[in-house]
Amino acid sequence: MSDQTSKTTHFGFDTVPEAEKAGRVQGVFNSVASKYDVMNDVMSMGIHRVWKDAMMDWLAPRPGQRLLDVAGGTGDISFRFLKRAGAGHATVLDLTEPMLIEGRQRAEADAMAESLDWVVGDAMALPFEDNTFDVYTISFGIRNVTRPQEALNEAFRVLRPGGRLMVLEFSQIPNEMMQKAYDLYSFNVIPRMGQAIANDRDSYQYLVESIRNFPDQETFLDMVKIAGFGNAKYRNLSLGIAALHSGWKL
């Protein structure tokens with residue numbers, strides 16, 4: 001058995017061969033694509049919108065910038081970026097084509113069509129030249145990547161000098177009792193919502209398990225630095241339920 005095929009990773013709380021994870025993740029998002037935006041609102045009680053706006057506040061998009069939004073799904077971040085920038089270009093990249101199809105059907109996509117590209121691709125092997133983008137974002141997606149460090153390395157490669165990385169992801173609440181209360185909600189309520197709204201309990205069970213497996217804020221900050229980013233820092237959102245990590249290609 002080759003070294004590559006013998007490596008394993010997490011898929012939720014299961015341990016699977018690395019070679020299988022991307023296909024399983026695709027299966028999850030193929031299943032939930034049509035209900036993804038609705039479920040985001042229901043699961044977070046709409047707070048994901050506040051987090052994404054906070055991301056834009058810190059990012060402060062400028063006219064003419066080129067954005068690569070990885071795991072961009074239905075385009076939420078790209079739409080916000082283009083509205084804030086006023087003029088620019090956004091490339092939405094996702095491993096799962098049905099998510100991109102859902103995004104292209106949104107009214108914002110039609111209004112911004114000349115400023116948007118939709119690309120099926122892998123965060124660990126981006127189909128772009130070095131030094132191409134001014135901004136790289138990934139929101140609630142990097143925990144689904146088989147090897148997150150490789151995704152961060154690729155982010156550094158495709159950003160221009162002076163370009164900025166920003167990652168929005170679920171994280172860890174730095175208070176044990178509050179974390180336990182949040183886990184109780186996540187594991188008991190969210191899969192049931194997935195069953196009721198998307199007719200898919202298993203995919204949302206995976207999603208809550210993947211959150212618990214993701215590195216905490218400081219560990220992920222170290223990964224951002226290892227990829228080469230300077231002036232790296234993070235901000236907690238909603239007490240640490242989510243976190244924003246930022247870094248610069250200096």
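Odds and ends about this structure:
- Subset of segment 180-199 (residues that are surrounded by fewer than 17 Cβ atoms within 10 Å (Cβ to Cβ) and either within 14 Å of Ile138 (Cα to Cα) or in contact (Cβ under 8 Å) with a residue 60 or more places away in the chain (or both)): Met193, Ile197
- Inspection of segment 155-171 finds no residue satisfying the criterion of being under 20 Å from the mean Cα position of the chain (by Cα) and without any contact (Cβ under 8 Å) to a residue 12 or more places away in the chain.
- Being among the hydroxyl-bearing types (Ser, Thr, Tyr), under 24 Å from Phe29 (Cα atoms) and under 17 Å from the mean Cα position of the chain (by Cα) holds for only one residue in Ser203, Ser246, and it is Ser203.
- The number of residues in segment 116-149 that are in a helix (DSSP H, G or I) and either surrounded by 21 or more Cβ atoms within 10 Å (Cβ to Cβ) or touching a strand residue (DSSP E or B) at 6+ places or on another chain (Cβ under 8 Å) (or both) comes to 4.
- Qualifying residues in segment 80-115 (those that are of a type in the set (Gly, Ala, Ser) and in a strand (DSSP E or B)) - the one surrounded by the most Cβ atoms within 10 Å (Cβ to Cβ): Ala90
Computed from the coordinates by the stated procedures, all read-outs in this text should not be read as laboratory data. No experiment lies behind these values; they were computed from the predicted model shown. Note that each Cβ is placed from the backbone with ideal geometry, even for glycine, and that neighbours are counted across all protein chains shown.
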